Amino acid sequence: VRDLHRELNAWGKVHRREFPWRQTHNAFHILLAELMLRRTRASQVQPVYRRFIADYPNPTALVQGNPSDIGDHLFPLGLAWRMPAFQAIAEVLVTQYEGQVPQDYESLTQLPGVGDYVASAVICFAFGIPQALIDTNTVRVVGRIFGEKTHAESRRNKLIRTAIQGLMDPVSPREHNYNLLDLAALVCLPNNPLCSQCPILSLCTTGQARTAENR
Ligand code: SF4
């Protein structure tokens, strides 16, 4: 595991992608970004995110915002229909948490429309808690490391979830999760993983098997 952290961190320092929501510790902004990033591409989210946090920098501003204007902000992402959920979350933050984002997983998952992935991302990226992110991408990478074939439903598999959490880097949880997400997006691609360019090839069961096949 230590070797994996070392290799991933070295790779991440060179290849980690820069996004505006990765340059802040503002939990509300990170929460907004993660809500926007579900089922959308990061490149599409960037301009929408920038405009959104400029107009609604805190939960109070979002509660007081015009619903139609908020929907217009979200429209380019196909998320206009989620406008009521965005405002409902802000309402709970204002009324129950004095305008702050709660720092614990259970409270976050009680917010309207906030599930496991978004709650985990917020507590890791905003508060530095070493919480694994479980989605099809991290499941794919970690499944391959252990030589397991995965599919969409594998993210509910307890063994896979435990393995992803077991690989967490407690010293640099933010960077670790960014590295894993970026490795999935740039190298460990769904259909044709670029194993020869992978920093953890020597540690990966699937990568080793593919390399041996191609010899
Ligand atoms: S070696 Fe290949 S299969 Fe393994 S993590 Fe890297 S890209 Fe994915």
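Bear in mind that the values in this text are calculations on the coordinates, not laboratory data. Source: prediction; values computed, not measured. For neighbour counting, all protein chains shown are included, and Cβ atoms are generated from backbone atoms with ideal geometry for every residue, glycine included.
Restricting ARG161, ARG144, ARG155 to those that are within 16 Å of the ligand (Cβ to nearest atom), crowded, with 16+ Cβ neighbours inside 10 Å and within 20 Å of the chain's Cα centre (by Cα) reduces the list to ARG144.
Beta carbons closer than 9 Å, at least 6 apart along the sequence or on distinct chains, pair a first residue in segment 136-163 that is under 14 Å from LEU183 (Cβ atoms) and charged (D, E, K, R) with a second that is more than 13 Å from the ligand (Cβ to nearest atom) and in a helix (DSSP H, G or I) for ARG140/SER154.
Checked against (1) away from the ligand (no atom under 16 Å from the Cβ); (2) part of a helix (DSSP H, G or I); (3) of a type in the set (S, T, N, Q), GLN131 passes all but condition (2).
Are any residues in segment 65-79 exposed (fewer than 14 other Cβ atoms within 10 Å of the Cβ) and of a type outside the set (D, E, K, R), and if so, which ones? Of everything in segment 65-79, those that are exposed (fewer than 14 other Cβ atoms within 10 Å of the Cβ) and of a type outside the set (D, E, K, R) turn out to be ASN66, PRO67, SER68, PHE75, GLY78.
I'm checking my understanding of the structure. Among residues of segment 169-213 that are more than 13 Å from ARG17 (Cβ to Cβ), polar (S, T, N, Q) and touching a Cys at 6+ places or on another chain (Cβ under 9 Å), which one is nearest to the ligand (Cβ to nearest atom)? Out of the qualifying residues, it is THR206. Residues that are touching a residue at least 12 places away in the same chain (Cβ under 8 Å) and under 20 Å from the mean Cα position of the chain (by Cα) number at least 1 in the following helices (runs of 4 or more DSSP H) confined to segment 32-113: 42-55, 67-74, 83-96, 105-110. Would you confirm, using the coordinates I've provided, whether GLN46 is polar (S, T, N, Q) and out of contact with any helix residue (DSSP H, G or I) (no Cβ under 9 Å at 6 or more places or on another chain)? Spelling it out, it is not the case that GLN46 is polar (S, T, N, Q) and out of contact with any helix residue (DSSP H, G or I) (no Cβ under 9 Å at 6 or more places or on another chain).
Return yes when VAL14 is surrounded by fewer than 13 Cβ atoms within 10 Å (Cβ to Cβ) and in a helix (DSSP H, G or I) and no when it is not. Considered against the rule, which asks whether it is surrounded by fewer than 13 Cβ atoms within 10 Å (Cβ to Cβ) and in a helix (DSSP H, G or I), VAL14 comes out as yes.
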